[in-house]
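Only one structure is covered here, and it is reproduced in the block below.
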Amino acid sequence: LQRITVPRFASYKEKGKKLSMITAYDYAMGQLVDQAGVEGVLVGDSMSMVVQGHENTLPVTLDEMIYHAEMVGRAVQHALVVVDMPFPSYHLGVHKAIENAGRILKETRCQAVKLEGGADQAEVISALVKAGIPVMAHCGLRPQNVHQLGGYRVQRDEPALLHDARAAAEAGAFAMVLECIPSTTAKKITELIDIPTIGIGAGPDCDGQVLVLNDVLGLATDYVPRFVKSYANLGETITKAVRQYRDEVRGGEFPANEHEYE
Ligand code: KIV
Ligand code: NA
C-alpha cells in the first residue's frame, strides 16, 4: 500500500474521492486506525480532553503533543499523520510558529501540522508553508477560542467563514477542517476552494470527514455532540470485561490451571 503523502491526500478532491480521517493519540490506536485504511490520522489537541481529562483543549502543551505524536508516528505506515499545534504555540509570532511546527516535524514521524485559523492566521500559514511545513487549516468552530466564544456552538457567519476559507487556501494550506457550521455553508466553501474540506459537524458535502476516535468507539462517557456517530460501544465492553475479571479474582476462578506454571 502506497503511503498517503500531503499531495496525494490533497489530490483526492479533484478525483472526487472522499477522505476519512480520525484521531489517535498513542501507538496501539495508531496501528489499529491505520490498519482500518483511513487516509488521515490526526493527533488532535482533543487529547487534552479525551486523554488528559481537562475540560477544554487549552491545557495540553507542545511537549505533550510531540510525545504523543511520536507514538502515533511510529505506528502509522499508510495514512497521512497530522498534528495539532496546541494553544498558543502559533500565536507568538511567525518565527516562534516555525520553531514550534518545525519541532513537530523534526521530533516525530508526522507529516503536517494543523492550526485553528483562517484569514487571521494567513501570515502564519504562509510562513510555515514557505518553510516546507504542510499546514491543515481549521475554520468554523475553533475550540481553542472557547473563552471568547463562551462555549461550543454552531458558527453561522457565512461571509466570515467564506472569507476565512479563501484566505487559508490562498495562504497555502493543503486542506481545511470545517467544524460545526451549517451544511449549506460547508457546501459553498467546498465548491469555492481547491483544497479538500474535512468536515466535523459540517454536513455531507465536504470532501472528507473527521471524528474523534474515542467518540467513534463509544469510549466517551460524558457529553457527545450531535455530529458524532458511535460505531461501537467499547466503553461498555471494557467495563464488562474488567468487571468479569474482578469477579473471577474474587471468586477464585482466575487464575485457572491453564494459567499456572508447574
Ligand atoms: O483536536 C481534534 O481532535 C480536532 C478534530 C476534531 C478536528 O481538531
Ligand atoms: Na483540535
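The values are calculated or read from the model by the stated rules, or taken from the named source; none is laboratory data. It should be emphasised that the depicted structure is a prediction, and the values quoted were computed from it without experimental measurement. Heads up, the Cβs are rebuilt from the backbone with ideal geometry, glycines too, and the neighbour counts pull from every protein chain shown.
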Going through region 84-93 in order, the residues found to be of a type outside the set (Phe, Trp, Tyr) and in contact with a Ser or Thr (Cβ under 9 Å, 6 or more places away or on another chain) are 84, 86, 89
Scanning region 22-52 for residues that are more than 10 Å from ligand 1 (Cβ to nearest atom), among the hydrophobic types (A, V, I, L, M, F, W, C), part of a helix (DSSP H, G or I) and out of contact with any Leu (no Cβ under 7 Å at 6 or more places or on another chain) gives 28, 32
Going by what's in this entry, would residue 60 be described as of a type outside the set (Ser, Thr, Tyr), surrounded by fewer than 24 Cβ atoms within 10 Å (Cβ to Cβ) and either in the same structural domain as residue 216 (by TED's automatic domain parsing) or within 15 Å of ligand 2 (Cβ to nearest atom) (or both)? yes
- Quick check: is even one residue across region 44-55 of a type outside the set (Ser, Thr, Tyr), touching a residue at least 40 places away in the same chain (Cβ under 8 Å) and either crowded, with 22+ Cβ neighbours inside 10 Å or not assigned by TED's automatic domain parsing to the domain that holds residue 177 (or both)? yes
Checklist entry - Among the residues of region 84-92, is any farther than 24 Å from residue 200 by Cα, assigned to a loop (DSSP other than H, G, I, E, B), under 17 Å from the mean Cα position of the chain (by Cα) and not hydroxyl-bearing (Ser, Thr, Tyr)? => result no
The correct count of residues that are within 12 Å of ligand 1 (Cβ to nearest atom) and out of contact with any helix residue (DSSP H, G or I) (no Cβ under 7 Å at 6 or more places or on another chain) in region 66-91 is 1
Of the listed residues (114, 106), the one being surrounded by fewer than 17 Cβ atoms within 10 Å (Cβ to Cβ) and either over 20 Å from the mean Cα position of the chain (by Cα) or among the basic types (Lys, Arg) (or both) is 106
Practice prompt. Determine, yes or no, whether residue 4 is touching an Asp or Glu at 6+ places or on another chain (Cβ under 7 Å), outside any strand (DSSP E or B) and either without any contact (Cβ under 8 Å) to a residue 60 or more places away in the chain or under 20 Å from residue 102 (Cβ atoms) (or both).
Written response: no
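For residue 194, indicate whether it is assigned by TED's automatic domain parsing to the domain that holds residue 18, at pLDDT 95 or above and more than 25 Å from residue 30 (Cβ to Cβ).
Yes; evaluated as a whole, the condition is true for this residue.
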